[in-house]
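A quick write-up on the structure given underneath.
The values are calculated or read from the model by the stated rules, or taken from the named source; none is laboratory data. Predicted model, so just to flag it, every value in this text is computed and none were measured. Note that each Cβ is placed from the backbone with ideal geometry, even for glycine, and that neighbours are counted across all protein chains shown. Keep in mind that these areas ignore ligands, DNA and RNA; they rest on the heavy atoms of the full protein, side chains included. Shrake-Rupley method; radii C 1.70, N 1.55, O 1.52, S 1.80 Å.
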Amino acid sequence: MFAKPSRFLSTGLAAGALLAAMAVSVAAPASAAQSNADDTAVTALDYNSTGWRYLQVPSTTDVPAFYERGFDDSAWKTGQSGFGTPTGCSFNTPANVKTPWDINTDILVRHWLHIPRDAEQVRIQGTVDNDAQVYLNGHLVQTAKSGYCNTGAIDVVVPANYLDCCNLLAIRGHDYGGSAYLNVRVTYIKPTRA
C-alpha cells in the first residue's frame, strides 16, 4: 500500500531538485530600483542646512496649502535646521539645534532644492520629535509618528513622477511636550552613464 507513493515521492524530489538547480543557474534581471556600483550618491540638502523658511504656530492653526509650490512664504523667517529645543534627547544639543522651536507647538518649514532630471532613488531622511507630515512638490510622501527620543522616523523614497528640476520640500512638525526637534536631509543616486 505504501510502495507506490514512495516511488513517486523520490521522482518528485528529483524533479524539484532539478527545478531548483535551474532557478539558481539563471541570472535574475537587475531591479530598476537597484543602483549600479558605479552610481554616485549625492546629498541635495544636508542636515543642519541653511535657507529654510519657517513659521511656528499653535497646533490648532490651519495654514492651508503651505506645502504647495505657489504658496507665499515671504513673510516667514529664514533659519537653519535642526529646529528644536536644546534640551531633552541626546540629539537636542546646542550643536544640533540651530533654530528654536517651542514645545507644544507646530512648525511649518519649506526649502527649495535642485534635483537633476536623471536622479534616481530620491530619499528624504531625518528625525522628528514628535510627528511630521512630509511633502514634496505638494504631494504628501510620508506621515511620520515618532517621539520619545527616537531617531530616523522620517525615511521615504519619493516617487519619480513627483519630481521636477526645482523641488519644494515642506514639512509640518508637531510637538506634544518635553522637547521638540526636526532635522532632515535629501539624497539621490546619480547614475554613471557608460
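Surface analysis of the stretch 36-170 yields an accessible area of 49 Å² per residue, using protein heavy atoms and a 1.4 Å probe.
Surface composition of the stretch 139-187: carbon and sulfur atoms hold 51% of the protein heavy-atom accessible area at a 1.4 Å probe. In the stretch 101-194, which trypsin sites (Lys or Arg not before Pro) are in a loop and have at most 13 other Cβ atoms within 10 Å, using DSSP for the loop call? Qualifying residues, ordered by number: Arg117, Arg193.
Take Thr87, project a point 7 Å from its Cα along the Cβ direction, then tell me which residues of the stretch 150-191 have their backbone nitrogen under 20 Å from it. Of the residues in the stretch 150-191, 150, 175-182 have backbone N under 20 Å from the label point off Thr87.
Each label point was placed 7 Å from the Cα along the Cα-to-Cβ direction; for Asn150 and Arg117 their separation is 4.0 nm. Can you pull out the chymotrypsin sites (Phe, Trp or Tyr not before Pro) in the stretch 104-170 whose DSSP state is coil and whose Cβ has at most 10 other Cβ atoms within 10 Å? Passing sites in the stretch 104-170 are Tyr148. To the nearest µm²/s, what D does Stokes-Einstein give for the stretch 154-194 at 25 °C and 0.890 mPa s, using the Kirkwood radius over alpha carbon pairs as Rh? Answer, rounded: 180 µm²/s.
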